[in-house]
Structures are given as structure tokens and as C-alpha cells.
Amino acid sequence: MNFSQRVSVAADRPVDALVRFEDVKKSYDGINFVVKDLNLNVRRGEFLTMLGPSGSGKTTTLMMLGGFERPTLGHILLDGKPVERLPPEKRNIGFVFQNYALFPHMTVAENVAFPLRYRGITGVAAKDKVREALGRVSLEALGDRRPAQLSGGQQQRVALARALVFEPSLVLMDEPLGALDKQLRERMQIEIKQLQTSLGITMVYVTHDQSEALTMSDRIAVFHDGRIQQLADPETLYNEPSNRFVASFIGENNTLPCTLLGREGGMAVVRMGDGSKFKAAADISGTGGDMSVSVRPENIGLAGQDGRPDFNRFGGKVRDVFFLGDHMRLSVEAFGGEFVTARIPARRLRPFAPGDDVALECNVAECRLLEA
């Protein structure tokens, strides 16, 4: 089966899981676990990103899937078969590293052909596969060059072609764009996602870059302290974070302490730090306890004159004003000493200065109640 014959499958059914982590734990010292009770399905044909800060367990999880680390407890299944004791070369997995790991003494074509030679594929068959793989990454004319003669982006494409040339069932990518400048990194994000979609292959991608994860992924697993905090598509993850860590880690967010009072019209009613009442969307039941209201800066605007019932309205004092071209960024002290960031289109913003009083509002549906 060649690249063009692959079909992407994007279904939720368990039978469509290419990879399954079952109760996986990993410890390097036998005492402390860097991955804890991991249960995760990776669907066939999806682009799944493992996102989190340094030390969160995401790279260790990828290394266990690739065969470079062995789980301390639990099982990893690839296409229904346990692989935790198989060496990397027996797993039929392509891997792209941050440093590309290209052989400097080999040409581009020789680098791409290396996995084929290891698998006993040589001669015309190997040349055809190399030509096809290089064509997929638009490098078919550079097969005779050596890695030192290529740009960073071109080297990244060679590494990707090498990972794809033997038609693996799965491709793992560990911070592959970290060494590129911002403009090239953004272009490569789009190219990798388009290639993954067109080939219908399954990719598991590790990054600490939130915008990169949001741009490329079908689903994102947010890691923290060795556990998945939330697994969801980018839009759900951004708009409906499940806890304070996800809310603060994914994009910019205002996380404001509050106390849950009850419910009204399907929304939670909370008391803010200054005693005022707020409404927020919530899946939390009961009352009392320390909680937080999460609201994105772009969902806070200048208060209108009509006092709409589906909007929370609050006042504050401007502390800082920043002009950022298409929008202004206000830092406002409100709710008895909390600092709130609002991002407002510049064309709609009257001049403000530190010390000015300001009235702001946010849609109740765009406020989310989180457990503290």
C-alpha cells in the first residue's frame, strides 16, 4: 500500500484505537513516578499532541511508546498487541527528533534510505520509495546534497521523509520544530499537518508550545505532574478548561477566586472577592468551597449602557495600558485587589490612563467555574 492509498479514520469507537496505554506508570528510581496511572487511546489517523511544561511526563510517555523507555507498570498496545517489551526497531514506528539526527556524511537520499536498508529493502524498490518520500516533502531535487548544505527547514523535511519512507503505522515527533525561527516554525506546522491529513497517518506529537498544539492537533492531551489533566479537541480545551491548570496553561486567562452560592437559570452564581455576584457556566454541583471563575481576556469588553442580563458587569481601576496594534491590553484592578486583563479592539477603545475608573463586562456563557 503506497502513501496515496491510505485513508484517515477519525472515529471515537474503541476499535479505532491504534495505540492504547493501560494503567501505565513510569519511575526511574523506584519511588517517584514521572508518569502516573496513564490511560489513553490514540485513534487511527489522528494528530494527537501531548502538551505540557517541562517535567510533566509527556516526553517520557512518548519515549515509552517509541520503545526507548520501558514502563514500570502497565501495558502499551499497538494495533491491539502489547509492545512494551519490544525494541524500537520492532514496532514499525517512525520518529522525528528535535535535532533531526541526520547522518552528516550521508546524502539526503542516503539518509532517507537508511531505514529501508535496515529492513532489507534495496535497489530499485528503495530508490522508488526514497523518491516518493522526498516528493512528499518537496525535496526531490535535493537528494544528492548533504545535511550541512540544507537550511533548518529543509533538514526537518528530510527527517520527516526518513520517518515516512518505510510506511510506518505511527509517527512520533518530539519537539521537532523547537530549533526553527518563528516564521519558519509556523510554516512547518501547517505543512506537517497538511501532510498528516493527506496521508491519513497517525501522529503523536510532543510540544510545550500551546499555540503549536492548538494549530496542529485533532486532540490535545494536557500533561501536568505525570497525569493527563484534560484530553479534548483544541476548541473545547481552550473554551472549556476542566481545571485551573489547563485554564492557565492554555493561552492567557483570568482566574479569579470566588465562592459558589448556588444556581440560577442553569448557571452557577458565585460571590467574588469584593462581595459582588457573578454568574458562570459550570459542571460543579453543591455550594461553598474555594473556587475560581475563568474568563479569557478577549471575552472581556467595555460595559455598554443597556446592562444586559446575560452579561456580568464589574468596575475597576486601570493600572496599565498597552497598545498592541490591532488591540489594546488593559490591566485592571477589580474585585477587591485582583488583577484582570482585558483585550479590546483598539478602534473601539477610548483613551485610558493608569488610575482611570473603567466599567467592564463579559458574557456569562464565556465565564467558567473551576474548582480551585
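With respect to (1) modelled with pLDDT under 90; (2) under 29 Å from the mean Cα position of the chain (by Cα); (3) closer than 20 Å to residue 239 by Cα, the lone exception for residue 310 is condition (2). Residues that are at pLDDT below 90, open to solvent by 50 Å² or more (accessible area, probe 1.4 Å) and either under 28 Å from residue 344 (Cβ atoms) or of a type in the set (A, V, I, L, M, F, W, C) (or both): does region 265-274 have at least one? The answer is yes, given that some residue of region 265-274 is at pLDDT below 90, open to solvent by 50 Å² or more (accessible area, probe 1.4 Å) and either under 28 Å from residue 344 (Cβ atoms) or of a type in the set (A, V, I, L, M, F, W, C) (or both).
Of everything in region 313-351 that's part of a loop (DSSP other than H, G, I, E, B) and at pLDDT 85 or above, which residue is nearest to residue 296 (Cα to Cα)?
Result: 335.
For (1) within 22 Å of residue 359 (Cβ to Cβ); (2) buried (at least 17 other Cβ atoms within 10 Å of the Cβ); (3) under 25 Å from the mean Cα position of the chain (by Cα), each residue gets a yes or a no:
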residue	(1), (2), (3)
246	no, yes, yes
249	no, yes, yes
289	no, no, no
293	yes, yes, yes
297	yes, yes, yes
306	yes, no, no
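Within region 173-188, residues that are closer than 23 Å to residue 58 by Cα sit with their Cβ atoms under 6 Å from residues that are among the aromatic types (Phe, Trp, Tyr) and surrounded by 15 or more Cβ atoms within 10 Å (Cβ to Cβ), at 6+ positions apart or across chains, in these pairs: 173/205.
Residue 72 meets all of the listed conditions (1) at pLDDT 95 or above; (2) open to solvent by less than 30 Å² (accessible area, probe 1.4 Å); (3) among the β-branched types (Val, Ile, Thr) but one, namely (2).
The values are calculated or read from the model by the stated rules, or taken from the named source; none is laboratory data. A quick note: this is a predicted structure, and the numbers were derived from the prediction, not measured. We place every Cβ from the backbone using ideal geometry, glycine too, and count neighbours over all the protein chains shown. For accessibility, only protein heavy atoms count, side chains too; no ligands or nucleic acids. Shrake-Rupley method; radii C 1.70, N 1.55, O 1.52, S 1.80 Å.
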